[in-house]
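The values are calculated or read from the model by the stated rules, or taken from the named source; none is laboratory data. Quantities reported herein were computed from a predicted structural model and do not represent experimental measurements. Positions of Cβ are backbone-derived with ideal geometry, glycine not excepted, and every protein chain shown enters the neighbour counts. Only protein heavy atoms, including side chains, enter the accessible area calculation; ligands, DNA and RNA are left aside. Shrake-Rupley method; radii C 1.70, N 1.55, O 1.52, S 1.80 Å.
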Amino acid sequence: MVSRYAEPELAVAFRHFYPGFNANDFWLPLLERATGWNAYSTSVTNASLVFTSVYETYLDVWKRRLLSKRSTPGLPRPPKHLPATVKSIWVSGENLRPPAEDYDLTISFDTDSYGGRNVYWPYIFENLDWGFNTRSSSKSHFTPRGVPRLLPIDVSRPRKSYVSDRPGFVCAFIGNPEPIRLRAIDALRSYGKVEVFGSAFGRPIPNKYDVAKNFRFVLAFENDVYPGYVTEKPLEAYACGAIPLWRGLDSQHLLNPKSMVNALDFPSLNLFAKHVATLAANRDELEFMTQQALFNETPSLHTLEQHLTSVIHSNERNA
């Protein structure tokens, strides 16, 4: 990927990433730290490493529905006719299984390594502050959703935070009006006021922290329940100082169950809501939960870096 006599550089292309994606926020600094090379964004035709994600533009959706008659999204394929020296990586924080072929490496929520070709990387990790902010033009200590970025060490040790005096009961930020979320909100409203924000309710919020800091709980249900599928949702609630009301399946035991309420621990949403109401009235229990670490162990980039460097240096080993 680089001549042994040239200055070490890594030309990287990013395809099908979400609007507002900035490679300088995470991926380029990560590649630089892992390889020691200067990594920069370029076009697919000039790249030695190509990342492909899963975002579909309106044009992609239109073509798919018109040409293939499919209503369900399809996974973008790698660019065609790449030289053998160009490595191709598939990455997604969405609840989608990685493709079975065509990529040198897949990075996903899937916990199966598929013979070493897939690395487990839940999207919650990408929302931490890994100290990569020197290159980014974004506000380094906040996510694009206006939530404080926490250091890996900050989510793995007890903290000083207090919620019992917050005036609000529960708030939710919803862009996807998934039915179980809506049923949970109805159940919680039997016990207190639930404020709902987000584009799905015509109440978009540019800065979640300014709202959530006034509530004891933040509803943080995942879009789907699947082993290992853990996104930014519980982290954002925690970063706002609230107790996450989560619904997910943490098969890798990343999260500390003492720091949150998982709706899957209850046989019904009504019993889940009743427990939250009981907890809200117990000042000592509230403060105990709020001061817990979110993670059971300090998150690390080590495994991801190992996989990336293995792919990037494979050409040198084969030379």
Picking from Thr134, Thr111, which residue would you name as being assigned to a loop (DSSP other than H, G, I, E, B), modelled with pLDDT under 90 and among the β-branched types (Val, Ile, Thr)? Thr134
Expected single match for open to solvent by less than 30 Å² (accessible area, probe 1.4 Å), under 22 Å from Phe217 (Cα atoms) and in contact (Cβ under 8 Å) with a residue 60 or more places away in the chain among Phe142, Phe125, Phe132 is Phe125
Among the residues of the range 202-250, which ones are out of contact with any helix residue (DSSP H, G or I) (no Cβ under 6 Å at 6 or more places or on another chain), crowded, with 22+ Cβ neighbours inside 10 Å and among the aliphatic types (A, V, I, L, M)? Ala212, Leu219, Ala237, Ala239, Leu245
Which of the residues belonging to the range 251-267 are closer than 28 Å to Ile153 by Cβ and either open to solvent by less than 30 Å² (accessible area, probe 1.4 Å) or touching a residue at least 60 places away in the same chain (Cβ under 8 Å) (or both)? Ser251, Gln252, Leu254, Leu255, Asn256, Ser259, Met260, Val261, Asn262
